[in-house]
């Protein structure tokens, strides 16, 4: 008597069906997370949120690739294809650089960007007790410093403008853009340069607490335009950060729903305000006759609409030669890359690094730029 064909295992069929549906859902979410940010948050509020989930969704898809491959199932192609389609976003979020490029001395400058948190809250700078941000900048050996939230005080007991300029005497050229000021203190964008500044100005967009400031700097026979930026903040308070900590420590459904609704409202509103700021910068970039370095605190994550809009036609120094997440904002549990150095493709960046010095709620970022 011939053996009867084996009956399918109902449990296994049911399990695989559920896993395939889960896999399909994760693939769709990954593609939305990666590609929704091509839409302006002004037109589609949903484009403000999905990109925050890109990394966990990418790792889940990677798990499915290995899972189905080990089972010798063609379903591994579904997640693999989605990961391949998202390679540009992966490179922005998490570049992998295996070969370390060496510094070259000829036609090379070092550029540093740093949100100084008002030079560590306007802390004074004296020989016996130097301001840690100023001391760091003095020792950085950078050729051009692009500083955000670089304010000074009118109180002689705190950090004064003349103190900053004197302390950074190795930079004979500087340009200041005051964003906010009252009778006590200022909040500024400030560029310091070892090379002559030919021209400077402010980009006009509607904001009382943010700005973009450019300088045309003569370096040898070249003129480079530096655009220093501080874009709309998410305005997350200490209470908001405490809520985020709660869901990390106690991730039940009610907590997640409550916190997600509150934080989502703030993130969406800030993203909508940043969109026209990014578009103004992008328009200015298109009209610039010089090679460009665009840097500063974008207050937005890689592959966001802000990032995509400003970066178009430029290269991201961290994505080109950094390694890993490159986190620049490190307040409590909020760990993101929101500070950038972008540059014209004619310039080559290498040696890009995030310095983990805790003098501000941001880390400084620097890179070497080789001029053509």
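Read-outs throughout are calculated quantities, based only on the coordinates presented, and are distinct from any laboratory measurement. Keep in mind it's a predicted model, so treat the numbers as computed, not measured. When we count neighbours, we look across all protein chains shown, and the Cβ atoms used for this are built from the backbone with ideal geometry, even at glycine.
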Exercise for the section: Any chance you could give the angle, 0 to 90 degrees and rounded to 10, that helix 54-70 forms with the longest Cα principal axis of the chain? Expected result: 30
Handout entry: Bins of 10 Å, starting at 0 and running to the largest distance - Cα pair percent for segment 10-93
Key = 18, 45, 25, 10, 2
Handout entry: Taking 68, 318 and counting other C-beta atoms within 10 Å, the order from fewest to most
Key = 68, 318
Practice task
Extending each Cα 7 Å along its Cβ direction at residue 287 and residue 66, get the distance between those two points in nm, one decimal.
Solution key: 5.2
Completion exercise
GNM of the chain, Cα pairs under 10 angstrom: of 220, 201, 326, the biggest fluctuation goes to 220
Practice task
Can you tell me the order of 140-147, 221-228 when each peptide is scored by its average per-residue count of other Cβ atoms within 10 angstrom, highest first?
Solution key: 140-147, 221-228
Handout entry: Candidates 150, 204, 275: whichever shows maximal mean-square fluctuation once the chain is modelled as a Gaussian network with Cα springs under 10 Å
Key = 204
Handout entry: Degrees between helix 238-249 axis and first principal axis of the chain (Cα, 0 to 90, nearest 10)
Key = 30
Exercise for the section: For segment 108-370, calculate the relative contact order in percent as a whole number, restricting contacts to Cα pairs under 8 Å that are 6 or more residues apart. Expected result: 19
Practice task
Starting from the Cα gyration tensor of the chain, take the square roots of the eigenvalues, sort them a ≥ b ≥ c, and report rounded, prolate or oblate (rounded when a/c is under 1.5, otherwise prolate if a/b is larger than b/c, else oblate).
Solution key: prolate
Handout entry: Gyration tensor (alpha-carbon) shape descriptor, segment 269-358, a/c threshold 1.5
Key = oblate
Problem - Sum of -39500 (n - 2.57) over DSSP H runs of 4+, divided by residues of the chain (222 nm, nearest 500) - result: -12000 deg cm²/dmol
Handout entry: Gaussian network model of the chain, springs between alpha carbon atoms under 10 Å - residue of 207, 47, 120 with greatest fluctuation
Key = 207
Fill in the blank from the handout: Least to most buried among 195, 340, by other C-beta atoms within 10 Å and fewest first, runs 195, 340
